[in-house]
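First up is the structure itself, then whatever we jot down about it.
We did not get these values from a lab; they are worked out from the coordinates using the rules stated. It should be emphasised that the depicted structure is a prediction, and the values quoted were computed from it without experimental measurement. Using ideal geometry, Cβ is built from the backbone for each residue, glycine included, and neighbour counts are taken over all protein chains shown.
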Amino acid sequence: MMKPYRAGITGTGSFLPEKKLTNSQLESIVETSDEWIVKRTGIRERRILEDFAPLADIAVEASVKAINDAGLSPLDIELIIASTCSPDYLSPSLACMVQGKTGAKNAAAFDVNAACTGFVYALQIGRQFIENGTYKNILIVSAEAMSRVTDFTDRKTCVLFGDGAGAVVLSRVDDGTGIDAAILGAAGENGDVLTIPLLYASDTDIQNRNEGKKQVIWMDGSEVFTFASRIMAEATKNVLNNAGVEMEGIKYIFPHQANMRILQNAAKRLDISMDKIYSNLEYTGNISSASIPVCLDEASNKGLLKKGDKIIIVAFGGGLTYGSALLTWSM
Ligand code: UT7
């Protein structure tokens, strides 16, 4: 049965902090090399939020751009869903901070945490509110201060992550564009391979970290790598099947930007050329849930997307979680 409404992206925005952390700067912080980082990850530099700046500020920058891009005012926004695994506060939520700072007085607001998959989860949640007729305009903002949950004495993780924010406006559309299909999933039984403790940490998690560093990322990189390489291809194939669309019909895939080798593995498994896979991780590092909306905004600003183009977004992350969505571009 045809749904009465569809949910489409009608505005995008992003913001990266000015301060850069290059591979050569990291060489003076931990025992690593530009050569190792580029070869194993594809990352050259990442952006870092200044100590005095709240994450909410960059979330607001990205949100205001997305709202303007959609031709709306903050008062038109009826719901704000923020995704983050590195918020300023547990309460108020990041979404409420964005609501207050943008003056989106008519919006309800809450946060979603699905780690790096957060944007895909938030998009699928927002889609429900549009398709069932509850709301017409929803702001989805993904913002991360990964540098604040990184142990800069752990070379296995500190070279990977960066900070940034990306946002989209998801609106009711009636021109056949919008979200065609989406898949969400989790593998909680393997959650201990990537953790960021907060108010409690298991003995194993305490042992895995340098002394006194509780609220930082620890990751079994190769386990996550194996999961990511498999699930990125699988989730892409499944969402294509669900939508009844062939890979030839897809203009771009926007994957979570974690490691160039993961993207190359996914391309190989999908038997597609890397030209179809959008990537900016060379200059951003892994900005967790913000990575996909930042890419969407970049691609949109570069004029790479036009109305009617079919794209896939696909992510994996802590939890473990994964998700994908197939969209017909609405802008
Ligand atoms: O958003 C989701 C988050 N996570 C990910 O996407 C991460 C997925 N995993 C990965 O991207 C990769 O596993 C890493 C980039 C983290 C690591 O690459 P790898 O090729 O799996 O390296 P490895 O962990 O097997 O380590 C190989 C060697 C080790 O040395 P030994 O034991 O062979 O002597 C490491 O100690 O490389 C060493 N190493 C480093 N050397 C220089 C690990 N980190 C570094 C470093 N610089 N930064």
Exercise. How large is the charge dipole for region 180-328, taken about the Cα centre, if only the Cβ atoms of Lys, Arg (+1) and Asp, Glu (-1) carry charge, to the nearest 20 debye?
Worked result: 380 debye
Exercise. Which pairs break 26 Å Cα to Cα here: 20/156; 20/136; 65/307; 136/306; 156/237; 237/310?
Worked result: 20/136; 156/237
Problem set entry | Relative contact order computed over region 180-328 (Cα-Cα under 8 Å; 6+ residues apart), in percent | 37 percent
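Counting trypsin sites (Lys or Arg not before Pro) as exposed when in a DSSP loop with at most 10 other beta carbons within 10 Å, what is the longest stretch of the chain free of them?
On the way: sites that count: 105, 302, 306.
It works out to 106-301.
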Exercise. Residue by residue, what Karplus-based ³J(HN,Hα) values in Hz, rounded to whole numbers, does region 195-212 have, using 6.51, -1.76 and 1.60 with θ = phi - 60° and x for Gly and Pro?
Worked result: 10, 9, x, 10, 9, 9, 9, 5, 4, 4, 5, 5, 5, 5, 9, 5, 3, x
Exercise. Given a Förster radius of 30 Å and the C-beta distance between residue 273 and residue 68 as r, what FRET efficiency does 1/(1 + (r/R0)^6) yield to the nearest 0.05?
Worked result: 0.30
For this session: Would you calculate, for the chain, the mean residue ellipticity at 222 nm contributed by helices, counting each DSSP H stretch of 4 or more residues as -39,500 (n - 2.57) and dividing by all residues, to the nearest 500?
Result: -10000 deg cm²/dmol
For this session: Set Lys and Arg Cβ to +1 and Asp and Glu Cβ to -1, take the dipole of region 1-82 about its Cα centre, and tell me which of 5, 58, 36 lies farthest positive.
Result: 5
Exercise. Relative contact order, percent, of the chain when contacts are C-alpha pairs under 8 Å separated by at least 6 residues?
Worked result: 26 percent
Exercise. Working out 0.36 nm times the residue gap between residue 106 and residue 238, then minus their Cα-Cα distance, what length gain in nm do you get to one decimal?
Worked result: 43.9 nm
Seminar exercise, completed: Using alpha carbon centers only, region 180-232 is separated from region 58-124 by a whole-angstrom value of 25 Å
Problem set entry | Dipole magnitude (debye, nearest 20) for region 1-58, charges at Cβ of Lys, Arg, Asp, Glu | 560 debye
Exercise. So which DSSP H runs in the chain come out at 24 Å plus along the axis (Cα) with average Kyte-Doolittle of at least -1.0?
Worked result: 221-243
Exercise. Charges only on Cβ, +1 for Lys and Arg, -1 for Asp and Glu: so what's the dipole of region 1-153 about the Cα centre, in debye to the nearest 20?
Worked result: 580 debye
Problem set entry | Relative contact order of region 96-188, defined on C-alpha pairs under 8 angstrom at six or more residues apart (%) | 26 percent
Seminar exercise, completed: Farthest towards the positive end of the dipole of the chain, among 70, 323, 245 and with Cβ unit charges of +1 on Lys and Arg and -1 on Asp and Glu, lies the Cα of 245
Exercise. Say we join alpha carbon atoms closer than 10 Å with springs in a Gaussian network model of the chain; which of 54, 255, 74 then has the biggest fluctuation?
Worked result: 54
Problem set entry | Restricting region 140-215 to chymotrypsin sites (Phe, Trp or Tyr not before Pro) in coil, as DSSP defines it, with at most 15 other Cβ within 10 Å | 152, 200
Problem set entry | Furthest towards positive pole of dipole, 299, 221, 284, structure part region 180-328, Cβ charges | 299
For this session: In a Gaussian network model over the chain where Cα atoms closer than 10 Å are linked, find which of 73, 288, 91 has the largest mean-square fluctuation.
Result: 91
Exercise. GNM on the chain, C-alpha springs below 10 Å: top fluctuator among 220, 151, 51?
Worked result: 51
